[in-house]
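S.K.: Please find one structure pasted underneath; my questions will follow.
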Amino acid sequence: MTRIINPITQPDEVLHLCFELDDRVYAMNAEFVMEVTMLPGLITPQKLPENVVGVLNYNGLLINVLDIRRLFNLPKKNFDTTNQIIIVKGEESLWAIIVDKVSDFIGINKNSIQSTALNTMNNFIKSFYHQDNKLISILNIHELEAFLRETKSTVGQVNYSEFFPKDRESLEIFEKRNKEIALKMNFDLESDFFGKDKYVIFKINGHIYCIFSDFVKELIMKKSLTITKIPYTPDYIKGIINLKGDFFTVLSLKEFIGFENLDNTEEEKIIVLDAGELKLALLVDEILDVMNIAKDQIQNKNDIKLDNLYIKAEIYNDNTVINLLNLEKLLEDKRLCID
């Protein structure tokens, strides 16, 4: 028998979240990302710390939303309902940054990060990464948090309330998002959040699954890669991809589990696994979120039907059932070996 998944030397990579401001791309260590959401309505009091666009009521805790455009000397730009915010878990506090668009999750090898000696941007950016002739600036989260911690609230020179739309439709959208955040945030931030682990949430044929983020090497679009078919392999083996010199076998998770392949499109996503001795990538319909989940939200199941669907446990979140993928069972499945 020939094993179609080859041994892997684990690369020294860290998962980063990428976002855009104008035509520039930035990244931050995903370890600090608590949540990504569409811009809701913000409180804009007269006194705010410098470069803070407003305050978000997050589970009863008022957190600052930072306008990093001004920190990076980018042109002034009004906000609208298409903007997003990234909730950041710092070492001592929660805060947020407002961005044009969250674009991707990528794995960055530590050895590929280039430091700069330039004393620019108030030390908020001290390193860069090149990808496909594109320069990605990496945020220094510790410096940003220190800036927020040390900056006192004053009557600022900028009235940020003027940056937000005032039309009725936009205001209704902002209010709806505020209510959704209020319903979703029902945990104790002081004692519960820091006991949570991060999971990647994805969808296959309408079923929602998740996987512990420590097993995830990278998240990428299917259409951005060429999948080379392997002859004489089952339909659930879609081929191999060359990712930065390493070859990964692409496994259609829904077909492997037994779901009908209804949504075979270029919009599918690939979850590249950091799977120890195996080079494996999972083909899924959609990446929904990267979410922090407390251990007491996870309900282990002893059900043969769930076991056959590679479900290790169930997680209930916002009246939605999220199935925790049994990765150990998946990797030990004999169907990953073919004659």
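Since every read-out is calculated from the coordinates, none of them should be taken as a lab result. Model, not experiment: these values are computed from the prediction. Here the Cβ positions follow ideal geometry from the backbone for every residue, glycine too, while neighbour counts run over all protein chains shown.
S.K.: Through the Karplus equation 6.51 cos²θ - 1.76 cosθ + 1.60, θ set to phi - 60°, convert the phi angles of the stretch 18-24 into ³J(HN,Hα) values in whole Hz; use x for Gly and Pro.
M.R.: Once rounded to whole Hz, the list reads 9, 9, 10, 10, 6, 9, 9.
S.K.: Using θ = phi - 60° and the Karplus curve 6.51 cos²θ - 1.76 cosθ + 1.60, what whole-Hz ³J(HN,Hα) does each residue of the stretch 94-108 get, with Gly and Pro shown as x?
M.R.: 9, 7, 8, 10, 9, 10, 6, 6, 7, 10, 5, 10, 9, x, 10
S.K.: Could you work out how far apart the two model spin labels at Gln299 and Val321 are, taking each label as a point 7 Å from the Cα in the direction of the beta carbon, and quote it in nm?
M.R.: 0.9 nm
S.K.: At q = 0.10, 0.12 Å⁻¹, what is the base-10 log of I(q)/I(0) for the stretch 13-186 according to the Debye formula with one equal point scatterer per Cα and no solvent? Please give it to two decimals.
M.R.: -0.38, -0.55
S.K.: Another one. Show the residues, 5+ positions off or on another chain, whose built amide H is closer than 5 Å to the amide H of Gly239.
M.R.: So Gly239 has HN proximity to Ile230, Val250.
S.K.: Which residues' amide hydrogens lie under 5 Å from the amide hydrogen of Gly90, considering only partners 5 or more residues apart or on another chain, with H built in the peptide plane?
M.R.: For Gly90, the qualifying residues are Trp95.
S.K.: Give me the extension gain from Ile43 to Asp246: residue separation times 0.36 nm, minus the current Cα-Cα distance, reported in nm with one decimal.
M.R.: My answer for the length gained is 68.3 nm.
S.K.: Report the percentage of all Cα-Cα pairs in the stretch 56-108 whose separation exceeds 18 Å, rounded to a whole percent.
M.R.: The answer is 42 percent, as a whole percent.
S.K.: While we're here: How large is the convex hull of the C-alpha atoms of the stretch 197-338 per residue, in Å³?
M.R.: 117 Å³
S.K.: For the ranges 293-300, 234-241, 248-255, what's the packing order if you count other beta-carbon atoms within 10 Å of each residue, average per peptide, and put the highest first?
M.R.: Descending mean neighbour count gives 248-255, 234-241, 293-300.
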